[in-house]
1. Do we find that Ala201 is closer than 30 Å to Arg286 by Cβ, away from the ligand (no atom under 16 Å from the Cβ) and touching a helix residue (DSSP H, G or I) at 6+ places or on another chain (Cβ under 6 Å) in this structure?
2. Please note which strands (runs of 3 or more DSSP E) are completely contained in the stretch 191-260 and include at least 3 residues that are surrounded by 17 or more Cβ atoms within 10 Å (Cβ to Cβ).
3. Checking Ser283 against (1) more than 30 Å from Gly217 (Cβ to Cβ); (2) surrounded by fewer than 22 Cβ atoms within 10 Å (Cβ to Cβ), which single condition isn't satisfied?
4. Suppose the filter is among the small types (Gly, Ala, Ser), modelled with pLDDT of 95 or more and under 30 Å from Ala296 (Cβ atoms); does Gly58 pass it?
5. Working only within the stretch 99-152, note down all residues that are in contact with an Asp or Glu (Cβ under 8 Å, 6 or more places away or on another chain) and among the hydroxyl-bearing types (Ser, Thr, Tyr).
6. Using the structure shown, decide if Ala115 is touching a Gly at 6+ places or on another chain (Cβ under 6 Å) and hydrophobic (A, V, I, L, M, F, W, C).
7. Considering only residues that are touching a Ser or Thr at 6+ places or on another chain (Cβ under 7 Å) and surrounded by fewer than 24 Cβ atoms within 10 Å (Cβ to Cβ), look in the stretch 409-424 and name the one that is farthest from Phe329 (Cα to Cα).
8. Does Arg37 meet the test of being within 22 Å of the chain's Cα centre (by Cα), at pLDDT 95 or above and over 23 Å from Gln262 (Cβ atoms)?
Amino acid sequence: MDTTRANALCRYIDASPSAFHAVETAAAMLEAAGAVRLDERKEWKLQPGKAYCLVRDGASLAAFRLGTEPVQETGFALAGAHTDFPGLRARLEKSVVARGVERVAVEAYGGPIHATWLDRPLSLAGRAVVRGEGGRPESRLVNFNRPVAVIPNLAIHFNREMNKGVEYPMNSALLPLVSARPGTAAPGEAPAQSWALRTLAAELGVAPADILAADLGFVDAAPSFLFGAEGELVSAPRIDNLEGCHAILSAFTASGPARHTQVAVLFDNEEIGSGTARGADSSFLRDLVDRICALAGSGPEAAWRALSRSLNVSVDGAQGWHPSHADKFDEEYAPVLNKGPAIKANANVRYATDALGEAAFRACCEEAGVPCQRFRMRADLVPGSTIGPVSSALLGARTIDVGVPMLAMHAARETAGSFDHDSMISALGVFYARGPELL
Ligand SMILES: [Zn+2]
């Protein structure tokens with residue numbers, strides 16, 4: 001089995017330690033494939049069959065390839081994923097020093113599995129705003145790209161019961177340890193600037209006073225890798241949902257023009273409910289759809305006509321069958337690693353899939369020659385959700401929730417199947433080629 005795409009996924013993940021980086025890396029992939037970068041503030045001139053991309057607020061991205069026929073007659077083939085992931089965000093200014101030992105204050109972003117963040121090398125990445133030319137705020141990407149911290153566990157001798165499960169409060173037990181130099185400060189004495197501020201300033205080559213603000217998160221510093229006899233398993237941080245982003249980008253860039261208009265959209269803030277200016281529950285995608293339709297010059301009804309014949313796929317991780325916890329699953333609906341992408345459904349529409357949508361995605365898998373599975377949560381448990389229900393409600397377009405099965409979702413490092421990533425890209429390739437015709 002070919003692991004080229006799984007290796008490319010590892011490189012994408014390693015180059016994307018924050019939503020900001022995930023978008024920059026995606027934009028570079030799209031531009032390398034010939035997409036023209038647009039600015040939301042400027043006038044657009046679009047040509048049929050050409051690809052474009054735009055970024056909103058540094059952490060959400062949309063790309064589209066205008067159809068060769070009028071959009072109101074052919075509709076959109078839309079696929080979306082999210083760029084953010086659960087983790088620990090640094091409180092930049094706060095010093096936490098005791099007896100010369102310094103830690104960084106953090107808060108949780110989304111719902112990380114706390115215990116998985118301990119005793120592993122952590123790096124720091126995100127976006128900083130510094131005082132630029134003429135005192136104007138200037139945005140800079142930050143990627144330390146090396147271990148700078150560890151969150152040490154308590155020795156087992158203080159809690160012989162700890163293998164039965166331990167609570168790790170975010171404000172005390174999960175503070176990353178960054179420095180222990182008792183000789184450099186009086187016991188308990190906080191330095192003038194926090195470690196995060198000092199270290200960020202040094203990294204950016206600016207004075208601490210010139211750092212105006214920053215959105216920084218700790219991330220696993222170890223690289224992604226493949227394992228298994230054929231490299232059939234991927235171990236990486238952020239598989240949820242950079243796998244979805246990379247699958248969509250790979251399928252989109254490999255696709256050629258179609259009659260319909262193809263859209264790829266990567267949203268920030270899914271892990272915190274999508275309700276932000278650049279999340280799936282914002283105007284971003286609807287603005288794009290309306291703008292494309294308005295520029296097509298097809299009259300005021302164009303967007304409504306286009307959306308009524310559109311098809312949308314939300315790509316996000318599925319809870320894979322876990323061999324150590326088989327009782328948590330309904331075996332009939334528990335997708336197994338490397339047996340193909342899963343179509344996710346839920347009676348209360350926490351996933352947007354309906355029967356017609358499911359049939360459409362099954363047709364994509366069949367045509368691509370890849371297997372396909374189903375995921376439904378055990379009936380007495382409530383599943384998570386995705387951007388699917390939100391974007392389907394905002395667009396009024398039929399939406400299907402799909403994803404590759406993965407283990408340890410929301411852990412600092414997750415596991416998925418290399419072949420499933422391959423299969424997802426192939427299925428999305430068919431989706432982009434066929435689009436609304438699938439209905
Ligand atoms: Zn997700």
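1. On the way: closer than 30 Å to Arg286 by Cβ: no; away from the ligand (no atom under 16 Å from the Cβ): yes; touching a helix residue (DSSP H, G or I) at 6+ places or on another chain (Cβ under 6 Å): yes.
Spelling it out, it is not the case that Ala201 is closer than 30 Å to Arg286 by Cβ, away from the ligand (no atom under 16 Å from the Cβ) and touching a helix residue (DSSP H, G or I) at 6+ places or on another chain (Cβ under 6 Å).
2. It comes to 211-220, 233-236.
3. That leaves (1) as the condition not met.
4. Values: among the small types (Gly, Ala, Ser): yes; modelled with pLDDT of 95 or more: no; under 30 Å from Ala296 (Cβ atoms): yes.
When the stated conditions are applied, Gly58 does not pass them.
5. If the condition is that a residue be in contact with an Asp or Glu (Cβ under 8 Å, 6 or more places away or on another chain) and among the hydroxyl-bearing types (Ser, Thr, Tyr), then Tyr109, Ser123 are the ones that fit.
6. On the way: touching a Gly at 6+ places or on another chain (Cβ under 6 Å): no; hydrophobic (A, V, I, L, M, F, W, C): yes.
Against the criterion (touching a Gly at 6+ places or on another chain (Cβ under 6 Å) and hydrophobic (A, V, I, L, M, F, W, C)), Ala115 does not qualify.
7. From the stretch 409-424, those touching a Ser or Thr at 6+ places or on another chain (Cβ under 7 Å) are 411-413, 415, 418; that's our starting set.
If we keep only those that are surrounded by fewer than 24 Cβ atoms within 10 Å (Cβ to Cβ) too, we end up with 411, 413, 415.
Working: Ala411: 19, Arg413: 21, Thr415: 18 Å.
The extreme case among them is Arg413.
8. no
The values are calculated or read from the model by the stated rules, or taken from the named source; none is laboratory data. Small disclaimer: the values here were computed from a predicted structure and weren't measured. So basically every Cβ, Gly included, is an ideal-geometry build from the backbone, and we count neighbours across all protein chains shown.
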